[in-house]
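Each reported figure results from applying straightforward, stated rules to the coordinates on display, with no laboratory input. What you see is a predicted model; the values in this text were computed from it and never measured. In this analysis, Cβ positions are derived from the backbone assuming ideal geometry, glycine residues included, and neighbour counts consider all displayed protein chains.
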Amino acid sequence: MYIEYKSYAKLNLYLKVLGYIDQLKLHKLSMINTEIDFFDYIIMELAYPGKGIIDINMTPDFSINKEDNLIFKAVKAFIDRSGLQFDAFIKVKKYIPPGSGLGGGSSNASYTLLALNKVFNKFNTFELMEIAFSIGCDAPFFIYGGLCKVEGSGEIVEMIDIPDFNDLTFVVVIPSFSLSTKEVYAKFDSIPRINNKVVTTSKLQIHNDLYEAAKLINPLIEKIICRLNEMSPLFASMTGSGSACFAGFKDLDMAIKAQTILKREYEKVILARPKLSRNTTTG
C-alpha cells in the first residue's frame, strides 16, 4: 500500500516565552501559529503485517541519523502505541530546511502520524496529540494545522479565527545558514529580558521573544528583518528560533515585487499563503 502526502511548514506569528517548566525541562510558551502552503512531499509504502522495519530516504540528504529522524520516531511511536506490526518504507522530498524555524521535522512527524492513522484508525485526536508531543514540542500543532493558539510547551492547541487572515500573502526569506533551537533558547535564557515591539495589525499581534537572542548569534537575522521592512509590509518577523524571517502583505502585487527584489540578495525567497484548517480525526 502506498500513501502520498504533503507536510506543511509553519510560521510563528506570535511567540512569547512565559517561563521554564523545571520538571519537563521545557520552556512555557504562548504562540499563534499558522501553517503555510510550503511543504515537503512524502511517499510511504506500507507492508502489513510486517516486522517493524522502518526505512527512510531523504532528498536532499541532511545526514540525520535514522534514530534521530522525527519521521522514524513517529512511525516507531505509532507501532509501539498501537501494538501493530508493519513495515514502512518512506521517501521524503525535503523543501523545508532544518534549522529554519519552519517546523519541517515536527510537521513530517505529525503528518506521518495522521497518514498512518488514516490507514489503521487506531487513535483519536487527543491520543495523536499525546504521541506527537512525545516526539517534539512543535508536533502537536500540526495535528490540528491551520491557524492556532498554542500554549504550555506546545501541547495545548486551540484553533482560532482571525478576520481576513486568509487574504494575506507572506514573503519568506530562508537564508543559507541555520540556527540551533537549543542554542537560541540558551542564549535567550542568558540575556536580560527585552520588551521587543509588538506589532498589531487588525486583530493580529506579531511578536517573537527569541529574536534578540537569534540576532546575537547571527546578526544577519537583523539585516533580513530590516530588508523585509523596507518592502513596506504590514509586518515582518522571525519564525520560531530562526533562521527564516517573513513579512505579511495584504496586496499580492506588493508581495510579488518584494520577492523579486529579495531574490537578488538571498538564496531562497518564497511566496506563501495561509493554509486553511483541516478536519482532524476524532476516532
Length released on extending from residue 191 to residue 28, taking residue separation times 0.36 nm less the Cα-Cα span: 57.0 nm
Sort 217-225, 176-184 for me by packing, meaning the mean count of neighbouring Cβ atoms within 10 Å per residue, highest on top. 217-225, 176-184
Order by neighbour count: 119, 172, fewest other Cβ atoms within 10 Å first, most last. 119, 172
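Report D for the stretch 165-272 in µm² per second (integer): Stokes-Einstein, Kirkwood Rh on Cα pairs, 20 °C, 1.002 mPa s.
Estimated diffusion coefficient is 151 µm²/s.
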Exposure proxy ranking, count of Cβ atoms within 10 Å, fewest first, for 153, 7, 237: 153, 237, 7
With residue 135 itself left out, Lys, Arg at +1 and Asp, Glu at -1 over residues whose Cβ is under 14 Å from its Cβ give -4
Measuring from the lowest to the highest alpha carbon on each principal axis, how far does the stretch 34-114 reach, largest first, in angstroms? 36, 26, 19
Using r as the Cβ-Cβ distance of residue 93 and residue 180, and R0 as 25 Å, what FRET efficiency do you calculate, to the nearest 0.05? 0.55
What Rg and what Dmax come out for the stretch 52-197 when only alpha-carbon atoms are used, in angstroms? 17.0, 51
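Report the equivalent ellipsoid semi-axes for the stretch 1-60 in whole Å, largest first, defined as the square roots of five times the eigenvalues of the gyration tensor built from alpha carbon atoms.
34, 19, 9
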Starting from the Cα of residue 81, step 7 Å along the direction of its Cβ; do the same at residue 4; then give the gap between the two resulting points in nm. 2.8 nm
Mind checking which aspartates and glutamates have their C-alpha under 20 Å from residue 149, skipping anything on the same chain fewer than 8 residues away? 35, 37, 127, 130, 138, 158, 161, 164, 167, 209
Taking the convex hull of the Cα atoms, report for the chain its projected area averaged over all directions, in nm². 14.5 nm²
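Could you work out how much longer the chain between residue 276 and residue 134 gets when fully extended? Use 0.36 nm per residue separation minus the Cα distance between them, nm to one decimal. Display every interim value, and only then the final one.
Numbers: separation 142, 0.36 × 142 = 51.12 nm, distance 2.55 nm.
Answer, rounded to one decimal: 48.6 nm.
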Report Rg/Rh for the stretch 1-136, rounded to two decimals, where Rg is the Cα radius of gyration and Rh the Kirkwood radius. 0.98
Long-range amide H partners of residue 152 with built H, under 5 Å: 29
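Can you give the percent of C-alpha pairs in the stretch 77-122 whose distance is more than 16 Å?
Taking all Cα-Cα pairs of the stretch 77-122, the fraction more than 16 Å apart is 45 percent.
Where does the chain land at 222 nm, in deg cm²/dmol rounded to the nearest 500, when only DSSP H runs of n ≥ 4 count, each adding -39500 (n - 2.57), divided by all residues?
-9000 deg cm²/dmol
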